[in-house]
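What follows is a set of notes on a single structure, which appears directly below.
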Amino acid sequence: MSMFVAEKVRFPEEEDRILDYWGRIRAFERANELSQGRPVFSFYDGPPFATGLPHYGHLLAGTIKDVVTRYAYANGFHVPRRFGWDCHGLPIEFEIEKKLGIKTKDDVLSMGIAKYNEECRAIVMRFSSQWEATVTRMGRWIDFRNDYKTLDLSFMESVWWVFKQLYDRNLVYSGFRVMPYSTACTTPLSNFEANLNYKEVTDPAVTVSFPILGRENEHFLAWTTTPWTLPSNVALCVNPQMDYVKLLDLRSGLVYYMAEARICHLYKPPKKGSATEAAGYQIQLKLKGTEFVGWQYTPLFDYYAEELGKTAFRVVADDYVTSEAGTGIVHQAPAFGEDDYRVCLANGIVKKDDKLPCPVDESGRFTHPVRDLLGKGVKDADKDIITLLKQSKRLVKNDTILHSYPFCWRSETPLIYKAVPSWFVRVESFKDRLVENNKLSHWVPQEVQFNRFGNWLEGARDWNVSRNRYWGTPIPIWMNARTGETLVVGSVAELERLSGEKGISDIHRHHIDHIKIISPITGDELDRIEEVFDCWFESGSMPYAQIHYPFEPDSEKTFSNSFPADFIAEGLDQTRGWFYTLLALSTALFDKPAFKNCVVNGLVLASDGKKMSKRLKNYPDPLDVVNNHGADALRLYLINSPVVRAEEVRFSEDGVRSVVRDVMLPWFNAYRFLFQNARQLDQGTSKPLILVSGRIRSTNEMDLWIESCMGSLIAFVKKEMDCYRLYTVVPRLLSFIDSLTNWYVRLNRPRLKGQEGPEEMRMALETLAETLITLGQLMAPFTPFFSELTYQSLRLFLPEGSRQESVHFLMLPESKDDTVDLKFEAAVERMQEVILNGRVARDRRNVALKQPLRSITVVHRDPDVLASIKRLERYIMSELNVLEVVYSSDESAYVNLRADADGKVLGKKLGRSFKAVHSAVRSLTPSEVLQFEREQVLTLTVSGQPSGSESHTLSLSDVKIIRELKDGVGGENCEAVGSGGTSGMLILLDLTLDEGLVTRGRCREIVNRTQKLRKKAGLEPEDLIEVYYDCSEPFLVEIFETHGTVICEALKTSPPRPMQEKPELAETIVDEEVDQVEGAFLRLCLARR
């Protein structure tokens, strides 16, 4: 490996080279080989569908997974990482139906389930190669060769085993229930699926009259946002305890019954003092809802009048009816509403085993007996139904409503609620255990665990696991339709034994639906039911199915070593998806959570705040971003955003670009700077830089500081990563890179360049090299490419026996307690504060840093703080280009000190007492404020309160300490800058210039022009040159003649000479006019020495 590092870097190109290197050395496979025998860190990878290309959400989740698993490996674990594929279910079927133009179940059956399923199988892995390429390009290490697929026989067989375990524990039942139903996908969905995709939509909202039998001109009024359910109306429901009114509508002369609290639904409130007649109605009677029970009414339509006339079309009562919307009377269509079904069943309007009034087929189209709307889609029929209501004079009010409505998460079509027979898992029976097991895992952020997810568990419903579909794992139930006898099969071997069929190698529907079983109990013939499993049941079974548990010989051992998983991570939407199904099945099977730690990420939005959309093209292609800026930059951008705290982030390519500018390039420049000077040290001393153990430790302040910071960083990273708080780790790592590049290298530049002698140079370079190696190890999980790139060169500084092939084979560095000095780190922070404030002062007065100034005064009340700064004052003098640093602890001579109560904090805490406490805080004298600041606690007694005198104890977080410059501090030749707040610091920069300072400034300008010219000419630090000048302004000539030695010391050359003294044979490197100095022409020539 060469000691030469190019001046410029193209991160994407370097990453491609690293990928090639990893491939050549089999880096991922080799890492797994090296870690054999270590404790196992178990990780479950949630399976994506391969029917589309990966988007930023996938890349984000994949990056989080890669960071944590790489960290676990470096922390001493063996980390199996298998990729998984979700191969069944609606996403696959939906693609095939679009491709083949399939609309209905009849279309599938005429095509044949076998052909349909094989079409599905053909596209399952359509984009798998692109997925692997993208995931690999992002730097993620995961096993694609040993992946698991939910369509594999081994996986499906374990799903059968899971189901049979549930069945044997009486946790499975068949029920007729009103469920969320996708008309596009012709299948019911589970409740959590229905909650995945709510949208704001505008729907019709109609108020309809129901003439009361035996009461001429009297009508019940009901309101609905689903007019398509009105043809199936069989009852009206009131709240038994709610107050209702009988009112005369003065415009129509009709009498209406509705909830008193909902009169506002039809009529505007009468003006104050006016009678209701002014609003268009007259109340004739008030009565309770219970008084209506049993009243009969004329059906809206006659479709079910004959069939259900003896039991239906009457008023029933139930507490679910509210006065929050509508009329307080709810129309009942038991086939299309969960409460409707429950209420009608309880009141004998329908019977449990009877056929429901459900004139809607599997595709959501009207069937007999609704003759007026045959073949019409239910949502499309709303307008026709409203027209029919108008014609029959039943439409009282026709309006619209904007509300949140569930859509199918796959087809993006509105869901309906429809009664369907389904197979359920009795989740409600072990809901309490779900809640308790949830408490046993650790989530980041924790609020999601106990709020969003916890609340969902509290309201968990029985889980509908069956789907009336084709491409999925068949539910292994064989049943006799006549007797209801049921037999559940838990393995392929059991199916072969019971059926006599041999050599079963595929258990998809078209391979097993024909298989019959003769009941070993009754001798009756049993057929498999038609349904397949919900694909969420399959993904929830992955801890067992991915290892073919319990069928493989070693699966018991593998399972016990990997369950519960140490770590999982997915997006916030999975709280009602994969996170839930994992917990539901693990609780039912083993009464424990399926995972110990869970990181939840938020949603990556487009830059305009909208959902990323291929149609809208409102986001850049992920691979374009990677190819332009590098995967490391994209990874850092994503995991250093609010999205790792389960919040939303608006994606910005400029944000990725800024990571390159502010993090990657400074890090690269420090790395390159090390090699430039290490090469110079090698050439100058013939003794290459090697980090031998037991070497003499440096006593230089900056070396000690960066070593201490590194020790603190290692301890912090380990502590926070063990808690999975990536959102605290990444900012701290980036802050260290800033400290290294903008402070350590900058302040140490003379030593690193050898200006303080070869021994100091060697110690400084050793410190920088060790720091960069350790930084690369810590950053390796986050920026795997650049960490590898730097390590491949930096390992040259390590003894041969301690070099590894890859940084990713290394264990985490250990924090050296003897190097950590928190007090000294705080002292350097104070020094940095002085320097930053000094720069602000210069900027305010537009005084260039090249211009030396006489002095800076540092003011702080604590002499110990000033003493710690004084230890480092040479860096202040160098960075701020001042000749002297003056210190003062007499803060009162410069600032007025006062306090003010923090209204946001104390207002909530004190309530009515805040005003008096606020006044008392503002009345504190400067000495009292100072005492409070030192003691960090203050007890105030305020009088005049309702309870008499009250005492309140305040902390520093309750109060704002304010420092204001006194009048006269600063002035024309002095700029003051204060840090403000508690323990604030003040600096005063003396801006008075004399001739000596001006001359020094001009010397700095000349040195600056020369250094820029060196860089432009591509010279390396070790290249020796002579400088020649050409200028006409007397002040520049005088500087060259009288201060040439100052300039040559800075440039490490002979004193500059006039152009005419340049030897004829001198080799010119560059000769050109440079930027003017105070408006004066200057030409410089650099010649080879």
Fill in the blank from the handout: Expressed in Å to one decimal, the Kirkwood Rh of the stretch 648-820 from all distinct alpha-carbon pairs is 16.8 Å
Problem - For the stretch 354-423 and the stretch 544-565, distance of Cα centres in Å - result: 47 Å
Handout entry: Which of 560, 693 is most accessible, then next, and so on - probe 1.4 Å
Key = 693, 560
Practice task
Round to a whole angstrom and tell me the spacing of the C-alpha centers of the stretch 10-85 and the stretch 428-471.
Solution key: 29 Å
Fill in the blank from the handout: Cα pairs beyond 20 Å in the stretch 169-318, in percent, come to 62 percent
Practice task
Please list 525, 766 in order of solvent-accessible area, largest first, computed with a 1.4 Å probe with all protein chains present.
Solution key: 525, 766
Completion exercise
Kirkwood Rh for the stretch 815-915 from C-alpha pairs, in Å, is 16.4 Å
Handout entry: Kirkwood hydrodynamic radius of the chain, Cα pairs, Å
Key = 36.1 Å
Exercise for the section: Holding the Cα-Cα limit at 19 Å, pick out from 753/1012; 103/617; 105/502; 908/960; 164/502 the pairs that are longer than that. Expected result: 103/617; 105/502; 164/502
Exercise for the section: Using just the helices of the chain, give the 222 nm mean residue ellipticity in deg cm²/dmol: DSSP H runs with n ≥ 4 each add -39,500 (n - 2.57), and the total is spread over all residues, rounded to 500. Expected result: -11500 deg cm²/dmol
Problem - Listed residues 162, 207, 190: farthest to the positive end of the dipole of the stretch 102-217 (Cβ charges) - result: 162
Problem - Solvent-accessible ranking of 900, 66, largest area first, probe 1.4 Å - result: 900, 66
Exercise for the section: Starting from the amide H of residue 597, placed 1.01 Å from N in the peptide plane, find each other amide H under 5 Å away whose residue is 5 or more places distant or on another chain. Expected result: 442, 567, 568
Completion exercise
Among the Cα-Cα pairs of the stretch 995-1088, the proportion with separation greater than 24 Å, in percent, is 13 percent
Completion exercise
Simple spin-label estimate for residue 836/residue 33, 7 Å along Cα→Cβ, in nm, reads 4.9 nm
Handout entry: the stretch 895-965 shape via C-alpha gyration tensor axes, a/c threshold 1.5
Key = prolate
Handout entry: Lysine pairs in the stretch 388-463 with Cα atoms under 29 Å, if 8 or more residues apart or on separate chains
Key = 5
Handout entry: Candidate lysines for bridging to residue 870, where Cα separation is under 18 Å - those fewer than 8 sequence places away on the same chain excluded
Key = 823
Problem - Viscosity 1.002 mPa s, temperature 20 °C, Stokes-Einstein D of the stretch 450-507 from Kirkwood C-alpha radius, µm²/s - result: 145 µm²/s
Exercise for the section: Out of all DSSP beta bridges with both ends in the chain, state the antiparallel percent to the nearest 5. Expected result: 75 percent
Exercise for the section: Round to the nearest 10 and report in Å² the accessible area of residue 390, as given by a 1.4 Å probe over the protein chains' heavy atoms. Expected result: 120 Å²
Completion exercise
Check: C-alpha center the stretch 239-288 vs C-alpha center the stretch 573-599, spacing in Å is 52 Å
Fill in the blank from the handout: For residue 199, the aspartates and glutamates lying under 17 Å Cα to Cα, once residues fewer than eight places off in the same chain are dropped, come out as 412, 573
Fill in the blank from the handout: Under the rule rounded for a/c under 1.5, else prolate if a/b exceeds b/c, else oblate, using alpha carbon gyration tensor axes a ≥ b ≥ c, the stretch 956-1036 is classed as oblate
Handout entry: Charged-residue dipole, Cβ positions (Lys, Arg, Asp, Glu), the chain about Cα centre, Debye nearest 20
Key = 1700 debye
Handout entry: At most 11 other Cβ within 10 Å, DSSP loop - GluC sites (Glu not before Pro), the stretch 772-830
Key = 814
Completion exercise
the chain: relative contact order from alpha carbon pairs under 8 Å, six or more residues apart, as a whole percent, is 11 percent
Problem - Cα-based radius of gyration of the stretch 634-673 once divided by 2.2 N^0.38 Å, which approximates compact folds - result: 1.35
Practice task
State the answer as a single residue: which of 101, 136, 84 lies farthest towards the positive end of the charge dipole of the stretch 82-151, with beta carbon charges of +1 for Lys and Arg and -1 for Asp and Glu, about the Cα centre.
Solution key: 136
Practice task
Would you mind giving the average projected area, over all directions, of the Cα convex hull of the stretch 673-767 in nm² with one decimal?
Solution key: 6.6 nm²
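The values are calculated or read from the model by the stated rules, or taken from the named source; none is laboratory data. Owing to the predicted nature of the structure, the values given are computational and were not obtained by experimental measurement. All Cβ positions, even for glycine, are placed from backbone atoms using ideal geometry, and neighbour counts span all protein chains on display. Areas reflect the complete protein model, heavy atoms only, side chains present, ligands, DNA and RNA absent. Shrake-Rupley method; radii C 1.70, N 1.55, O 1.52, S 1.80 Å.
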